[in-house]
Amino acid sequence: MSQKKTTSRRSWAAIKRVRADSKERPEAYREAKEAFALAERVRDAREFRGITQAELSARIGSEHPAIARLAGGGGITPSFDSVRRIAAVLGLELVTELRARRAA
């Protein structure tokens with residue numbers, strides 16, 4: 001008779017406990033927060049001006065799915081040039097700043 005081989009699987013709770021202590025977690029949360037904030041600003045400005053995602057895509061020369069993923073907050077990381085074009089279409093000034101990170 002053959003023996004059935006079982007694989008050891010961790011529960012989701014166990015995985016979350018391990019990941020909670022990972023060094024990458026704070027950085028991932030920071031990146032997700034930045035992506036969400038950018039998406040929210042773009043979405044608010046686009047809706048205020050009555051521009052659809054498809055219209056914004058066409059105006060910046062991009063594919064509609066890329067704008068839809070951006071609107072979702074974190075699906076993609078747009079290039080600096082793309083953000084510049086989005087800002088121009090939405091009549092916004094793109095302001096960038098490099099500064100020291102705050103201590104955790």
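Going by the structure shown, is Glu31 within 17 Å of the chain's Cα centre (by Cα) and either at pLDDT below 90 or exposed (fewer than 11 other Cβ atoms within 10 Å of the Cβ) (or both)?
Considered against the rule, which asks whether it is within 17 Å of the chain's Cα centre (by Cα) and either at pLDDT below 90 or exposed (fewer than 11 other Cβ atoms within 10 Å of the Cβ) (or both), Glu31 comes out as yes.
Somewhere in segment 2-19, is a residue at pLDDT below 80, surrounded by 11 or more Cβ atoms within 10 Å (Cβ to Cβ), charged (D, E, K, R) and closer than 28 Å to Gly72 by Cβ?
yes
In segment 52-104, what residues are farther than 19 Å from Ala37 by Cα, buried (at least 16 other Cβ atoms within 10 Å of the Cβ) and not small (Gly, Ala, Ser)?
Ile60
The values are calculated or read from the model by the stated rules, or taken from the named source; none is laboratory data. Bear in mind the structure is a predicted one, so any value in this text is a computation, not a measurement. Cβ coordinates were reconstructed from backbone atoms using ideal geometry, including for glycine residues, and neighbour counts include every protein chain displayed.
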